[in-house]
Amino acid sequence: MATTSGHITSQPVRTIFEAIEARLPSRLELFSRLAKQYSDVTLHNMTVGQVLGGMRGLPCVLWEVSGTEKAGIRYHGKSLKELLEILPRWRGSEQISPEAMIWYLYTGTVPTRTELEVFAADLARRAEPPVEVEEFCDSLSPDIASATQLMMCLSVWGNHSKFSAALVQGAPRAELWRHALEDALDSHSCTSVISARIYANKYRDGRDRTTPLNPQGDIAENFAIRMGRAGDHDFTELIRMYWSLHMDHGANVSAHTMRLSSSAWTDPYLTLASGLIAGTGILHAGAISQALRYNQAMAAALGPEPSAQAVEAYICRTLEKGLVVPGYGHALLRDVDPRLEPITRFINSRPVPASASGEQGHMLRLIGRNSTIVPEILRRRVPRMKSTAPNVDSLSGCLMYAHGLEIDFILLVMGCSRGMGFMTQYVWDRALGLAIERPLSITMDQIMAKM
């Protein structure tokens, strides 16, 4: 309800379909104007270095839901700090609601409290994967890596794609986004549920994998329920925070992989699998596990509260071996990652979890200190680094590990979030009718011929 001049007026409650539909005409008009009036305007002069350097910095991928700048990500023009202030929280939560972030990425608007609750209820209604996928998941050996299991389950899930069914039935191109959205909404909640099932099978002998979900709960709460963490408020808050903070990050490796494969109208589930594959690399999401293992080794060698001199000596030994120090610097950001502030606040506002071992508690204290010590060491020792500020990898893995997540499973938590974010882009790609990606390849001999 809203008040105007002392009178109570009712606000219409939009479904996610209606909210996207309301935004679509203006975005199609802008897309058409850019294509017709400015298609020949030079946007960027490409250099040989950019071709050889993996196309870094080339503004050549249209991204509807966010843009990445040196200071951080802007979501529909707003910074993360702004979103932390305006997006609603779930009942009893201090964190941005992941559902609110999903809604915002789709629509560019802040959901009302009623819209948030109706949207969350719709996702909860969709939260049971197809029986075929569940049975396939339960048949997998626990020796198979968690990420690999999810890739395999997503591949089976593709048999149930509503988008693919619409293509077979000859759905009009202008309506494809609706079928893509149906799949996307299913995936938002079901991917986390099947991930929790993988966890239950792999680490809990299947316990709680069929525990009834809370139809009035959010996706983070239901994820915790199926992991056997029902009622663990801090763990649920941790998941809400990470899913909101990592939901979209523009055209990085996993997101661009999904964008490339989906541009051929690949179904959403195989698209998600392709992004998860890309995320396993240590130069991308795999860096979280790499940073965690590095911090484990440092804590074991130095203890939880080493002197600054001991930390510097350890860092120098790493650099002398020709290795990087995981968790510092960023390919695009040139300042402290904005996502670190809410993560640091989460750590400082809560004691080390009672379930954490001595090692896990030691690591949390160590990385808290190192976030202020290591950047200065790197500035002096590696002057060529464009940024020595800690990145989100420096804390993410350690914090999730301290809350009881096995290293093998951490990538799935991140993958759930990144998949949610990209599916909003997937739907808009279909709504705008974007073309298949067809970059031109060129050989070094051809480059020399142009010099």
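List pairs: first residue in the stretch 284-313 and more than 16 Å from Gly358 (Cβ to Cβ) and modelled with pLDDT under 90, second residue of a type in the set (A, V, I, L, M, F, W, C) and assigned to a loop (DSSP other than H, G, I, E, B) anywhere in the structure, Cβ distance under 6 angstrom, at least six positions apart or on different chains.
Final answer for the pair search is Gln290/Ile282.
Which condition breaks for Leu43 when tested against (1) surrounded by 15 or more Cβ atoms within 10 Å (Cβ to Cβ); (2) part of a loop (DSSP other than H, G, I, E, B)?
Failing condition for Leu43: (1).
What are the residues in the stretch 146-184 that are aliphatic (A, V, I, L, M), under 12 Å from Trp265 (Cα atoms) and crowded, with 19+ Cβ neighbours inside 10 Å, if any?
Leu176, Ala180, listed by residue number.
Give the residue that is surrounded by the fewest Cβ atoms within 10 Å (Cβ to Cβ), with candidates limited to residues of the stretch 195-208 that are touching a residue at least 60 places away in the same chain (Cβ under 8 Å) and more than 17 Å from Gly419 (Cβ to Cβ). Explain how you work it out, then say what you get.
Here is the first cut: in the stretch 195-208, the residues touching a residue at least 60 places away in the same chain (Cβ under 8 Å) are 195, 197-199, 201-203, 206.
So of that shortlist, the ones also more than 17 Å from Gly419 (Cβ to Cβ) come out as 201-203, 206.
Working: Asn201: 21, Lys202: 20, Tyr203: 17, Gly206: 12.
Residue satisfying both the conditions and the ranking: Gly206.
Has the stretch 281-289 got any residue that is under 30 Å from Ser164 (Cα atoms) and within 14 Å of the chain's Cα centre (by Cα)?
yes
Within the stretch 78-115, count every residue that is closer than 17 Å to Arg339 by Cβ, not in a loop (DSSP other than H, G, I, E, B) and not aliphatic (A, V, I, L, M).
7
Filter the helices (runs of 4 or more DSSP H) completely within the stretch 340-451 down to those with at least 1 residues that are in contact with a strand residue (DSSP E or B) (Cβ under 7 Å, 6 or more places away or on another chain), of a type outside the set (S, T, N, Q) and surrounded by 15 or more Cβ atoms within 10 Å (Cβ to Cβ). Even if it seems obvious, please write down each step before you answer.
Values: elements: 340-348, 358-381, 393-402, 407-432, 444-450.
Counting at least 1 such residues, we get 340-348, 358-381.
Is the stretch 55-68 home to any residue that is at pLDDT below 85 and outside any loop (DSSP other than H, G, I, E, B)? Talk me through it step by step, then tell me what you get.
At the first step, the residues of the stretch 55-68 found to be at pLDDT below 85 are 55-60, 68.
When the remaining residues are screened for being outside any loop (DSSP other than H, G, I, E, B), the result is 68.
Looking for residues that are at pLDDT below 85 and outside any loop (DSSP other than H, G, I, E, B), one finds at least one in the stretch 55-68, hence yes.
Within the stretch 232-244, is even one residue within 13 Å of the chain's Cα centre (by Cα), crowded, with 20+ Cβ neighbours inside 10 Å and of a type in the set (Gly, Ala, Ser)?
Yes - at least one qualifying residue is present in the stretch 232-244.
For the stretch 269-323, what are the residues that are surrounded by 18 or more Cβ atoms within 10 Å (Cβ to Cβ), of a type in the set (A, V, I, L, M, F, W, C) and more than 30 Å from Leu181 (Cβ to Cβ)?
Ala287, Ala291, Leu292, Met298, Ala299, Val311, Ile315, listed by residue number.
Can you confirm whether Asp234 is touching a His at 6+ places or on another chain (Cβ under 9 Å) and of a type outside the set (Val, Ile, Thr)? Talk me through it step by step, then tell me what you get.
Working: touching a His at 6+ places or on another chain (Cβ under 9 Å): yes; of a type outside the set (Val, Ile, Thr): yes.
Criteria met by Asp234.
Among the residues of the stretch 133-171, what is the count of those that are touching a residue at least 40 places away in the same chain (Cβ under 8 Å) and assigned to a loop (DSSP other than H, G, I, E, B)?
Looking only at that region, the number is 4.
The values are calculated or read from the model by the stated rules, or taken from the named source; none is laboratory data. It should be emphasised that the depicted structure is a prediction, and the values quoted were computed from it without experimental measurement. As a convention, Cβ positions derive from the backbone with ideal geometry for all residues, glycine included, and neighbour counts pool all protein chains shown.
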